[in-house]
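Peer 1: Got a structure here, written out as structure tokens. Questions coming.
The values are calculated or read from the model by the stated rules, or taken from the named source; none is laboratory data. On a predicted model such as this, the values are computed, not experimentally measured, just so you know. Note that we place each Cβ from the backbone using ideal geometry, even for glycine, and neighbour counts take in every protein chain shown.
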Amino acid sequence: MNENEIGRIIVNRSVRLHKLLGPGLLETVYEVVLANRLTQAGLAVKRQVPIPIEVDGIRFD
């Protein structure tokens, strides 16, 4: 599976999920359901993975 196919799956599942649940829910609701849908589609999903960044020479974890 290439990046375009993965992206297509993510966008399609996201749009369908938003149509199903509608707007206005907490982000965590969409996150947990989308992660489940993407896993069902055969994708490996990790949620809330920390990504360290560096700004002005200061590292934030």
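Peer 1: Would you point out the residue of the range 1-31, among those that are among the polar types (S, T, N, Q) and under 14 Å from the mean Cα position of the chain (by Cα), that is surrounded by the fewest Cβ atoms within 10 Å (Cβ to Cβ)?
Peer 2: Among residues in the range 1-31 that are among the polar types (S, T, N, Q) and under 14 Å from the mean Cα position of the chain (by Cα), the one surrounded by the fewest Cβ atoms within 10 Å (Cβ to Cβ) is T28.
Peer 1: Between a residue in the range 6-22 that is part of a helix (DSSP H, G or I) and any residue that is modelled with pLDDT of 95 or more and of a type in the set (S, T, N, Q), which pairs come within a Cβ distance under 9 Å, given they are 6 or more apart or on different chains?
Peer 2: Once the first residue is part of a helix (DSSP H, G or I) and sits in the range 6-22, its partners that are modelled with pLDDT of 95 or more and of a type in the set (S, T, N, Q) give R13/Q40.
Peer 1: State yes or no: is L34 in a helix (DSSP H, G or I), modelled with pLDDT of 95 or more and surrounded by 11 or more Cβ atoms within 10 Å (Cβ to Cβ)?
Peer 2: yes
Peer 1: Against the definition (under 11 Å from the mean Cα position of the chain (by Cα), of a type in the set (A, V, I, L, M) and part of a loop (DSSP other than H, G, I, E, B)), how does V45 come out, yes or no?
Peer 2: yes
Peer 1: Related question: Could you tell me whether the range 41-50 includes any residue that is exposed (fewer than 10 other Cβ atoms within 10 Å of the Cβ), in contact with a helix residue (DSSP H, G or I) (Cβ under 7 Å, 6 or more places away or on another chain) and at pLDDT 95 or above?
Peer 2: Yes, the range 41-50 contains at least one residue that is exposed (fewer than 10 other Cβ atoms within 10 Å of the Cβ), in contact with a helix residue (DSSP H, G or I) (Cβ under 7 Å, 6 or more places away or on another chain) and at pLDDT 95 or above.
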